[in-house]
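Visitor: This is the structure I want to talk about, given as structure tokens.
The values are calculated or read from the model by the stated rules, or taken from the named source; none is laboratory data. Because the structure is a prediction, the values reported are computed rather than measured. Don't worry about glycine lacking a Cβ; one is built from the backbone with ideal geometry, like all the others, and counts go over all protein chains shown.
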Amino acid sequence: MLRRIRTDGDPVLRTCAREVKEVDEYVRRLIDDMLETMRAASGVGLAANQVGLLRRIIVVDVGAGVVAVINPEITACGEGEKAEEGCLSLPGQRVPVKRAPRIELRGLDRDGQPLVLSAEGLFARALQHEVDHLNGILIKDYREEWIVRDE
């Protein structure tokens, strides 16, 4: 089922998502809905709060296959590199964001099993972007940070 993607100004985007306590059929349906919504919007990632649900769930597909992570946590990362990012919740905006080019992330898969990912490049960037969403952080927050630093 397609869900409406929340855009800038919607308070749900600034609210930290809650941990998923149980991976059940509802969570798996939500993951499927998020993937359908992300693809329909030509995105590469989506966090549950972007569709109005305050659950710690992300989906990412940068061309190497779909990854869904429940309760994602970045456990290791390298030095940051700056590159422009867009966001489905901020249509038409592109912002330079400093992100680690390599990360490790852990969480649960769609069956509730432990999952550990090592990611680099666009995959690492997309995972970090979606985890930011779960913490109420938008790419425009980085733009403001860079403007302050550059003045």
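Visitor: Report, by residue number, each residue of the range 1-38 that is touching a helix residue (DSSP H, G or I) at 6+ places or on another chain (Cβ under 8 Å) and either in a helix (DSSP H, G or I) or of a type in the set (Phe, Trp, Tyr) (or both).
Guide: Passing the criteria: Val12, Leu13, Leu30, Asp33, Met34, Thr37.
Visitor: Listed residues His133, His129; which is part of a helix (DSSP H, G or I) and either of a type in the set (Val, Ile, Thr) or over 17 Å from Val62 (Cα atoms) (or both)?
Guide: On inspection, the qualifying residue turns out to be His133.
Visitor: I'd like the full set of residues that are assigned to a loop (DSSP other than H, G, I, E, B), charged (D, E, K, R) and farther than 15 Å from Leu122 by Cα, limited to the range 45-78.
Guide: Listed by number, the list holds a single entry, Arg56.
Visitor: Here is a further query. Which count do you get for residues in the range 13-40 that are touching a Leu at 6+ places or on another chain (Cβ under 7 Å) and either surrounded by 14 or more Cβ atoms within 10 Å (Cβ to Cβ) or modelled with pLDDT under 95 (or both)?
Guide: 9
Visitor: Quick one: which residue in Ala64, Ala76, Ala40 is of a type in the set (Gly, Ala, Ser) and closer than 19 Å to Leu2 by Cβ?
Guide: Just a single option satisfies the conditions, and that option is Ala40.
Visitor: In addition: Where residues in the range 31-74 are without any contact (Cβ under 8 Å) to a residue 40 or more places away in the chain and polar (S, T, N, Q), which of them is farthest from Pro101 (Cα to Cα)?
Guide: Applying the filter and picking the extreme gives Thr37.
Visitor: Report, by residue number, each residue of the range 94-147 that is among the β-branched types (Val, Ile, Thr) and closer than 20 Å to Asn49 by Cα.
Guide: Val131, Ile137, Ile139
Visitor: State which residue is surrounded by the fewest Cβ atoms within 10 Å (Cβ to Cβ) when the search covers only the range 54-99 and only residues that are polar (S, T, N, Q) and at pLDDT 95 or above.
Guide: Asn71
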